[in-house]
Amino acid sequence: MNINVPLTNGHLGDQYTKHAAPDQKIGNVPFISFPIEINNVPENTQSLSLVMLDWDSIPVCGFAYIHWVACNIDPKTTLIPENASHNDSIGLVHGNNSTAGPLAGPLDPVISQRYLGPTPPNCDHDYTLTIYALDTKLPLQDGFWLNELRHQMKGHVIEQASVELPVLK
């Protein structure tokens, strides 16, 4: 399986990061998700899941920041189009990102259960996007947590592919 995300000069495009125009943000949060091309999905795949993490956030906040989690994407999907996280142009189940939970304040699913664009505060960060090909659909609903996804995927991952997405401070 292969995944590709178009980059601009080797970096994730500004429109998907903290450098997005004000009309592409909710408050200070960039919300337009980037397109993802998916190729060579194993034949027996029943669903796809995606996870986008910022491992470079550990020195800043003490954990890998979750920017996007989704599952039960149709395995015939060859393109997750731009803004699919918000416009539901493809079917998917939305998981919680790092703005969800009692320590983060009141939950707004428009922000906490969708793509949360990168906003590196201290230096350039690399964001890891991983797509998982699974041999089943998962019994998860909107608002699931990353740990629930991991538990449900155990023993069901046929193949996975990752790509690093550099973002400028």
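Filtering the stretch 154-167 to residues that are buried (at least 16 other Cβ atoms within 10 Å of the Cβ) and either more than 18 Å from the chain's Cα centre (by Cα) or within 13 Å of P75 (Cβ to Cβ) (or both) leaves H156, I158. If we scan the stretch 33-41, do we find a residue that is among the hydrophobic types (A, V, I, L, M, F, W, C) and closer than 19 Å to I111 by Cα? Yes, there is a match, as at least one residue in the stretch 33-41 is among the hydrophobic types (A, V, I, L, M, F, W, C) and closer than 19 Å to I111 by Cα. Counting only strands (runs of 3 or more DSSP E) wholly contained in the stretch 17-121, the ones carrying 1 or more residues that are at positive phi occupy 65-73. Check the stretch 36-48 and report whether any residue there is within 20 Å of L140 (Cα to Cα), out of contact with any Asp or Glu (no Cβ under 8 Å at 6 or more places or on another chain), hydrophobic (A, V, I, L, M, F, W, C) and surrounded by 19 or more Cβ atoms within 10 Å (Cβ to Cβ). So far as the stretch 36-48 goes, no, none of its residues is within 20 Å of L140 (Cα to Cα), out of contact with any Asp or Glu (no Cβ under 8 Å at 6 or more places or on another chain), hydrophobic (A, V, I, L, M, F, W, C) and surrounded by 19 or more Cβ atoms within 10 Å (Cβ to Cβ). Entry remark, the stretch 128-166: residues being aliphatic (A, V, I, L, M) and either touching a helix residue (DSSP H, G or I) at 6+ places or on another chain (Cβ under 7 Å) or at pLDDT below 95 (or both) number 3 in total.
Residue-wise test of (1) touching a Lys or Arg at 6+ places or on another chain (Cβ under 6 Å); (2) surrounded by fewer than 20 Cβ atoms within 10 Å (Cβ to Cβ).
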site: Y16; (1), (2): no, no
site: F31; (1), (2): no, yes
site: I66; (1), (2): no, no
site: K76; (1), (2): no, yes
site: S85; (1), (2): yes, no
site: N97; (1), (2): no, no
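The values are calculated or read from the model by the stated rules, or taken from the named source; none is laboratory data. What you see is a predicted model, and the numbers here were worked out from it, not measured in a lab. Note that each Cβ is placed from the backbone with ideal geometry, even for glycine, and that neighbours are counted across all protein chains shown.
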